[in-house]
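Engineer: To start, I am sharing the structure in question, which I have written as structure tokens.
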Amino acid sequence: MKVKIPLDILQQIQNYVKFAAPYEVTGIGTVKVVPGQSNLAVDGRSIRNTDDFLVSEVFLPSQHSSTGYCRFADDALNNIILHVMEDSPERAAELRFRWHSHGNGSVFWSPIDEADISDWRSPWLLSLVTNVQGEYLLRLDTFDDLRLTLHDLTLEVILPEDPNLKAIHRREITDKVKILKEAPYEKLQRPNPDLQP
């Protein structure tokens, strides 16, 4: 199970974190469930493919902040939810990403973070805590039948593809990398055969 995030969205979060520092900052975002390539392992045995998550948009609500605390301003969160619902009710169901920073501090799940996550009203929530240094923790919490927390999820940054760069790089490979039918192993000897490995 991975959390995929486009580079520009990760940069957006990191810029918010850096510009707010040394104070904390928080926000929400949309996340889509996408087919995954990873398997869930139980007792060292792979049992099934799992879904991955794709963070598709983030929002910065108005808020009050200090070096150890941040809270949404009155109605700021509701205004974002209302705006997204008016735009697309389907997208509103994707508002299941909560991100925040600990400014210049370390990344961990504080008691306030735990309470904020528990208060979220959704079947599940994906949470990110980060800091100015770019350290992060990711977790998934489920709230329906069973209250469950999966810690230490993997973050995969989706890099944008530039077709022009791809063409240039493909041409460079074609021009500069010559494929050998077989490696000349007999010519690959240590410069000084007296040296022992």
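Nothing in this text is a laboratory measurement; each read-out follows from the coordinates by a stated rule. All values reported here derive from a predicted model rather than from experimental measurement. Cβ coordinates were reconstructed from backbone atoms using ideal geometry, including for glycine residues, and neighbour counts include every protein chain displayed.
Engineer: Ranked highest first by average number of other Cβ atoms within 10 Å, how do 159-166, 94-101, 142-149 line up? Could the numbers behind the result be given before it?
Structural biologist: Details: 159-166: 8.4, 94-101: 23.0, 142-149: 10.5.
Top of the packing list down: 94-101, 142-149, 159-166.
Engineer: Less than 15 Å Cβ to Cβ from ASP144, Lys/Arg counted +1 and Asp/Glu -1: what total charge do the surrounding residues give?
Structural biologist: Numbers: positive: ARG96, ARG121, ARG147; negative: ASP141, ASP145.
Local net charge: +1.
Engineer: Grab the eigenvalues of the alpha-carbon gyration tensor for segment 2-158, scale each by 5, take roots, and send me the semi-axes largest first in whole angstrom. Spell out each step's value before the answer.
Structural biologist: On the way: eigenvalues 123, 71, 48 Å².
Ellipsoid half-lengths, sorted descending, are 25, 19, 15 Å.
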